[in-house]
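Undergrad: Sharing a structure, written as structure tokens. Questions coming.
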Amino acid sequence: MRIASIGHVFFAATLVGLGILGLIKGDFDPTWPSVSKGLPAREALAYLCALVYLISGIGLLWQRTAPVVSRVLLAYLLGWLLLVRLPQVYLLHPTLLAAFGFGESAVIVAGAWVLYLWFAGDRDASRIGFVAGEGGLRIAKTLYALALIPFGLAHFVYLQQTVVLIPGWLPWHTAWAYLTGGAFIAAGLAVLFGVKARLAATLSTLQLGLFTLIVWVPRVVSGNYTPFQWGEFVVSTVLTAGAWVVADSYGGMRWASAPTRSFSQPDLAV
């Protein structure tokens, strides 16, 4: 078994959970883009997606399979991002909601890309250098940064919908909505331009994780939740997992200054 970071384990475990969920339901989990009910072989495609997640989650934890699995997972998720999510933003539905959906997929792709760099990047650097090595890492971080900005904008544009999600025991609901929205935007810009990027990536991951724990976990544990709330819990958990892996990729950088070493594969193996 090869463990690169705690974020790696959480990401892999989340994929396993998504795979099991998809196989039980026989349908797409909430992280996938909307797929038309009339699509031929839709159910078979849903099972395929679930199997990809399940096999990838298990394979990412084993040293012999991690390089191959990380390649397949990245290619698969990147295909969904470019062929489905991106057209929704620029061609079909050029709205903040479409950008938000693109951001959800982009965070997952960014996390998968970092894992690919850890496990297979060194072997592929000479053949596809723009995908592997420092170039690939820049793309992954850019995807993550661009995802955070619509997350933050949504807090302002959909202020009332955000405010009602804040637990009653917290005071100043509107202030929290503005604060968290601004924090997402600031973190996205910081990661995008490399200004205190490690701190920004870590704090944005913490914010996503706290949002999951404070807003969605109590609803799920109580058993009194709607299908929408269950879907948001799943998506929020996956976003936290993807963000965690991206934050882990800054392990060689100081919190508020330039990097002390270039990106490399983690040394920790179990």
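We did not get these values from a lab; they are worked out from the coordinates using the rules stated. No experiment lies behind these values; they were computed from the predicted model shown. In this analysis, Cβ positions are derived from the backbone assuming ideal geometry, glycine residues included, and neighbour counts consider all displayed protein chains.
Undergrad: Cross-link candidates for K37: which aspartates and glutamates have Cα within less than 18 Å, leaving aside residues fewer than 8 places away along the same chain?
TA: Candidates past the 8-residue exclusion: D27, D29.
Undergrad: Give me the distance in nm between label points sitting 7 Å out from Cα along the Cα-to-Cβ direction at W62 and V217, one decimal.
TA: Distance between label points: 3.1 nm.
Undergrad: Oh, and also: Quick one: if you stick a label point 7 Å off each Cα along the C-beta vector at W230 and W172, how many nm between them?
TA: Each label point lies 7 Å from its Cα, and together they span 3.7 nm.
Undergrad: Any idea how far apart L39 and L23 come out in nm if each label point goes 7 Å out from Cα toward Cβ?
TA: In this crude label model, L39 to L23 measures out at 2.1 nm.
Undergrad: Right, something else. Could the peptides 172-179, 48-55 be put in order, highest first, of the mean number of other beta-carbon atoms found within 10 Å of their residues? The partial results should precede the final answer.
TA: Values: 172-179: 14.8, 48-55: 19.1.
The peptides rank, most packed first, as 48-55, 172-179.
Undergrad: If exposed means no more than 14 neighbouring beta carbons inside 10 Å and the site is in a DSSP loop, what's the longest run of the chain without any exposed trypsin sites (Lys or Arg not before Pro)?
TA: Values: sites that count: K37, R64, R127, R254, R261.
By the stated rule (loop sites, at most 14 other Cβ atoms within 10 Å), 128-253.
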